[in-house]
Amino acid sequence: MLPETLPRPPAIALDEYRARRRALMDALPAGSAVMLPAASLVTRSNDSDYPFRQNSDFHYLTGFPEPDALLLLLPGREAGESVLFCPDKDPLLEAWTGIRIGAEAAVARYGVDQAFANAERDGRLSELLDGRQALYLPLDDAAAVASAEGIRLMLKARARQGARPPEAFADVAPLIHEQRLIKSEAELALMRHAARISAQAHVRAMRVARPGLHEYQLQAELEHEFRWQGGSGPAYGTIVGGGANACVLHYVENAARLEADTLVLIDAGAEFDGYAGDITRTFPVSGRFSEAQRALYDVVLTAQERAVAAVRPGVTLSEIHQGVVRDLTHGLIELGLLAGEVEARIDDASYKRFYLHSTSHWLGLDVHDVGGYRHDGTPRQLVPGMVLTVEPGLYIPDDDDIPADLRGTGIRIEDDVAVTVEGHEVLTAAVPKRADEIEALMAKE
């Protein structure tokens, strides 16, 4: 019997893409334009490419899925304010690469005002940008900057004929990233779906885990679920760390054998229509926590649940993190891994031996999504529509001064949380995280 397939949420509507472009143009100074390139194919080896993944900013403004495209936004242009250059229609090439959308279909399917084949790009760009005072583009993209500089020099050379080159380049990324920080209802629907797929994959991994399997076999179970449910695959490199490997924050080898009496940490999430899920769960390979493992696990769980409960409008990520640090430090003292008073151990940062990272990051089209963490020089307050992770952890080194039953133990618990008007919504609640629930799930198999 085939596994259940979840119903897909609606795709982002064309009107929403138009509204995003309109909002960006409204944020520009008068006389400005935007030039934003799509991603290109990246060679994996010889003539084999990595699977294509669109640039997140380009996807956010267009939804256009092909490489080597270019978007121009030209506020006030009578012939059309949004212009897309896209790969040419070439029947011979398409026999190898698949059917290209083409300029004519791009207008109807993606809601831009005009579209042209890339073969026309060089001849049209200087004409379209003539007279624009400032050109906004991604300044960290060397190829885009070089292209813009070429256009500027071309127009400057025609100044006697009346051409007016852009007087300045400016970074478009901060403007787009402020927009992306607040998710629409349509985006939240896609993120709920990515979270649900991710949760089912984690449950599946818990059900099949047992001593003697290898980390990559749990990775295979996770990523099978991602693809089975229509995701494009993992939103980032899947982490499956058994035993002491869980203490390596970005462990990706996933090659070791899973041993009895150890925990396994899985940090994995599906990508769906460009949006990322991001879940971490830690559970016993054999299905039962030892007394010491459970005591440490409950310290992390208490901190994580209190942090999730704190998510609401007006709170800052800094305040949430400070609460986690206090809870974890208290727990470390209770377990004898630290000594003294909580505030003293926070002040001297000795807790950082066991807790190395921040509690949260933004989530969206990128797993570490864009948007500033500070606003006007102070920590940014949460507002409805933001989505963040809550992921405290403890990582106990394999050192001589550590109790033997905790050495080399890593525990992290992570959920995806959307900020709502009333408080918050946990998008990843479908995968258990309390020790009793985990043991009960694993006992059924």
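Some points to look at:
- Computed on protein heavy atoms with a 1.4 Å probe, the accessible areas place 41, 258 in the order 41, 258, largest first.
- Accessible surface area normalised per residue over the chain is 46 Å², counting heavy atoms of protein chains with a 1.4 Å rolling probe.
- The long axis of helix 215-228 is offset from the longest Cα principal axis of the chain by roughly 50 degrees.
- Heavy atoms of residue 312 accessible to a 1.4 Å probe, total area in Å² rounded to 10: 120 Å²
- Computed from the C-beta positions of residue 373 and residue 400, the FRET efficiency with R₀ = 41 Å rounds to 0.60.
- Note on residue 41/residue 383: beta-carbon distance plugged into 1/(1 + (r/R0)^6) with R0 of 41 Å gives a FRET efficiency of 0.65.
- Anisotropy class of segment 234-304 from Cα gyration tensor, a/c 1.5 cut: oblate
- Placing unit charges on each Cβ (+1 for Lys and Arg, -1 for Asp and Glu) gives the chain a dipole about its Cα centre, and among 42, 242, 87 the Cα reaching farthest toward its positive end belongs to 87.
- Net charge contributed by nearby residues that have their C-beta within less than 12 Å of residue 158 (K/R +1, D/E -1): +2
- Short to long, the 5 Å bins of the Cα pair-distance histogram for segment 21-60 hold 5, 18, 19, 16, 13, 9, 8, 6, 4, 0 percent of all pairs.
- Leading residue at positive end of dipole, segment 311-399 (Cβ point charges), from 356, 328, 385: 385
- Residues within the reach of a label modelled at residue 319 (point 7 angstrom out along Cα to beta-carbon, backbone nitrogen below 14 Å), restricted to segment 361-382, are 379-382.
- Solvent-accessible surface (1.4 angstrom probe) belonging to residue 399, in square angstrom, nearest 10: 60 Å²
- The residue 96 and residue 133 beta-carbon pair, evaluated with R₀ = 45 Å, returns a calculated FRET efficiency of approximately 0.55.
- Dipole of the chain [Lys/Arg +1, Asp/Glu -1 at C-beta], most positive-end residue of 175, 111, 284: 111
- What the Cα atoms of segment 124-192 give is an Rg and a Dmax of 16.6, 57 Å.
- Semi-axes of the equivalent ellipsoid for segment 168-308, computed as √(5λ) from the eigenvalues of its C-alpha gyration tensor and ordered from largest down, come to 31, 18, 15 Å.
- For segment 347-419, the spread of Cα positions along the three principal axes, ordered from largest to smallest, is 45, 26, 17 Å.
- Where 116, 52 fall by accessible area, highest first, once all protein chains stay in place (1.4 Å): 52, 116
- Taking every DSSP bridge with both residues inside segment 69-148, close to 50 percent are antiparallel.
- Of interest is the spacing of the C-alpha centroids, which for segment 217-284 and segment 385-445 amounts to 13 Å.
- Backbone N within segment 168-190 under 13 Å of label point (7 Å from residue 15 Cα along the Cβ vector): 186
- Rel. contact order, % - alpha carbon contacts under 8 angstrom, at least six apart, the chain: 14 percent
- Taking all protein chains together and a 1.4 Å probe, the residues 228, 96 rank 96, 228 from largest to smallest accessible area.
- Pairwise label distance in nanometres, residue 352 with residue 156, each label 7 Å out on the Cα-Cβ vector: 4.6 nm
- CD proxy at 222 nm, helix term only [per DSSP H run n ≥ 4: -39500 (n - 2.57); per residue of the chain; nearest 500]: -11500 deg cm²/dmol
- Carbon + sulfur, % of accessible area of the chain - ligands and nucleic acids excluded, 1.4 Å: 51 percent
- Distance (nanometres) between label positions extended 7 Å along Cα→Cβ at residue 259 and residue 440: 3.2 nm
The values are calculated or read from the model by the stated rules, or taken from the named source; none is laboratory data. Quick caveat: nothing in here was measured; it's all calculated off a predicted structure. Don't worry about glycine lacking a Cβ; one is built from the backbone with ideal geometry, like all the others, and counts go over all protein chains shown. Side chains are part of the model used for accessible areas, which takes the heavy atoms of the whole protein and leaves out ligands, DNA and RNA. Shrake-Rupley method; radii C 1.70, N 1.55, O 1.52, S 1.80 Å.
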